[in-house]
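Chemist: This is the structure I have questions about; it appears just below.
Here, each number is a calculation from the coordinates, and none is a lab measurement. None of the values given here were measured: they were computed from a predicted structure. Because the Cβ atoms are built from the backbone with ideal geometry, glycine has one as well, and the counts that use them run over all protein chains shown.
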Amino acid sequence: MRRFNYTELKDTRSGFGDGLTELGRKNKNVVALCADLTGSLKMSQFKKENPSRFFQVGIAEANMMGIAAGLTIGGKIPFTGTFANFSTGRVYDQIRQSIVYSGKNVKICASHAGITLGEDGATHQILEDIGLMKMLPGMTVINTCDYNQTKLATLKIADYQGPVYLRFGRPKVPNFTNPDQELQIGKGIILNEGKDVTIVATGHLVWESILAGQKLNNMGVSAEIINIHTIKPIDEEIILKSINKSRCIVTAEEHNFLGGLGESVSRVLTKNDPVPQEFIATHDTFGESGPPSKLMDKYGLNCNAIVKAVEKVLSRK
């Protein structure tokens, strides 16, 4: 099992903020819009350096999406920023009608996704957003795992034509990916090669999968671990090549198992090579208020749950 180390814990939303600041310095077409959460989205430095390219729309998320769509007509590249719940569920009609239907080049950047929003509770958490966004024709969906990858994704989507949903989080998590690693939209990354089971993870569950892989290695199980940062378009090739060896798979995500990464993987398997699959995800439920780490444990979104899912899927081979 390959060893992974990290030197610090960093929140993924800061990766977005730092990436946006860098974009502001080198791409004058990049503009930013925020719905009264500039500090939470780490957009303050961009605002300070580019006051004429920053638009504070207040608690008016639907209006923010309409403004962003309009700005693209003049050649601007709008990055919108608010919580994931308010970036998707509250404004689905505006995204569908004003942005995606006509292919507007808007980057919808959503922080505080999943249950790791924590104490703010179920009304602010969202576990359905990946499903909402991936069902929109032409929408690209990206869910990053740490600070470095979030910064790289923020920089990358500025040059990517078309609407993008970029999902990241609030808590500080291990920052373990290479800051210089190329991020290709639509291409997964093999973190560890293995032959007994495939673990496909996204977002905060990538690090938990690495920890699970270490435990499994000590148990004599060789796990291939894949970081799927792009959920749509999904990298079918990397998944199919891996299961050709392992013949079973576990998917892991901080999202409802209905509509998320696991469901996308199931579609790939059904079309090409059906093998046993187990899901690490929430199961048709809302979240609740509590410390993020305790919520992850309660809802089975951790390395121990992944190990148990691997044991179960191995028994089904």
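Chemist: Apply the Karplus parameterisation 6.51 cos²θ - 1.76 cosθ + 1.60, with θ equal to phi minus 60°, to every residue of region 68-83 and state each ³J(HN,Hα) to the nearest whole Hz, in sequence, with x for glycine and proline.
Modeler: 4, 4, x, 5, 5, 5, x, x, 7, 10, x, 10, 9, x, 6, 4
Chemist: Let me ask something additional. Please state the relative contact order of the chain as a whole percent: Cα pairs under 8 Å, 6+ residues apart?
Modeler: Averaging sequence separation for qualifying contacts and normalising by length gives 19 percent for the chain.
Chemist: Farthest toward the dipole's positive end in the chain, which of Gly262, Asn27, Tyr165, given Cβ charges of +1 (Lys, Arg) and -1 (Asp, Glu) about the Cα centre?
Modeler: Asn27
Chemist: What residues qualify as long-range amide H neighbours of Val141, i.e. H under 5 Å apart, gap of 5 or more or another chain, H built at 1.01 Å from N?
Modeler: Answer set, sorted by chain and number: Tyr165, Ile231, Lys232.
Chemist: Further question: Show me the ranking of peptides 295-301, 129-135 by mean Cβ neighbours inside 10 Å, starting with the highest.
Modeler: Result, highest mean first: 129-135, 295-301.
Chemist: Contour minus end-to-end for Thr7 and Phe286, with contour as 0.36 nm per residue of separation and end-to-end as the Cα-Cα distance?
Modeler: 97.1 nm
Chemist: Let me ask something else about it. Under a point spin-label approximation (7 Å from Cα along Cα-to-Cβ), what is the Lys26-Ser52 distance to one decimal in nm?
Modeler: 2.3
Chemist: While we're looking at this one, here's another question. Evaluated at 25 °C with a viscosity of 0.890 mPa s, what Stokes-Einstein diffusion coefficient in µm²/s does region 189-315 have when Rh comes from the Kirkwood expression over alpha-carbon pairs?
Modeler: Working: Rh = 14.3 Å.
Rounded to a whole number, D works out at 172 µm²/s.
Chemist: Ranked highest first by the average count of other Cβ atoms within 10 Å around their residues, in what order do 23-30, 195-202 fall?
Modeler: Put in order of decreasing packing, that is 195-202, 23-30.
Chemist: Related question: Under the Karplus relation 6.51 cos²θ - 1.76 cosθ + 1.60, θ = phi - 60°, what is the ordered set of whole-Hz ³J(HN,Hα) values for region 269-281, x standing for Gly and Pro?
Modeler: Once rounded to whole Hz, the list reads 5, 4, 6, 10, 7, x, 9, x, 9, 10, 10, 9, 5.
Chemist: What is the gain in length, in nm to one decimal, between Ser44 and Ala60 on full extension, counting 0.36 nm per residue of separation less the C-alpha to C-alpha distance?
Modeler: Gain on stretching Ser44 to Ala60: 3.9 nm.
Chemist: Compute the Cα gyration tensor for the chain, then decide on rounded, prolate or oblate, letting a ≥ b ≥ c be the square roots of its eigenvalues: rounded whenever a/c is under 1.5, prolate when a/b is larger than b/c in the other cases, and oblate in all that remain.
Modeler: prolate
Chemist: For region 185-202, take each phi angle, set θ = phi - 60°, evaluate the Karplus expression 6.51 cos²θ - 1.76 cosθ + 1.60, and give the result in whole Hz per residue in order, putting x for glycine and proline.
Modeler: Result, ordered by residue: 4, x, 10, x, 10, 7, 8, 8, 8, x, 10, 8, 8, 9, 10, 10, 10, 9 Hz.
Chemist: Would you please name the GluC sites (Glu not before Pro) within region 1-53 that are DSSP coil residues with at most 12 other C-beta atoms within 10 Å of their C-beta?
Modeler: Glu8
Chemist: Among the listed pairs Lys10/Lys107; Lys172/Lys241; Lys47/Lys151, give every one whose C-alpha distance is greater than 26 Å.
Modeler: Beyond 26 Å between Cα atoms: Lys172/Lys241.
Chemist: Separate question: When the convex hull of the C-alpha atoms of region 46-153 is computed, what volume per residue in Å³ does it have? It would help to have the intermediate numbers written out before the result.
Modeler: Values: hull volume 13.2 nm³, N = 108.
Taking the convex hull of the Cα positions in region 46-153, it is 122 Å³ per residue.
Chemist: In debye to the nearest 20, how big a dipole does region 189-315 give about its Cα centre with +1 on each Lys and Arg Cβ and -1 on each Asp and Glu Cβ?
Modeler: Roughly 200 debye for region 189-315.
Chemist: Applying a 10 Å radius around every beta-carbon, put 34-47, 272-285 in order of their mean neighbour count, most first. Could you put the intermediate results ahead of the total?
Modeler: On the way: 34-47: 19.9, 272-285: 17.3.
Going by the mean number of other Cβ atoms within 10 Å, highest first, we get 34-47, 272-285.
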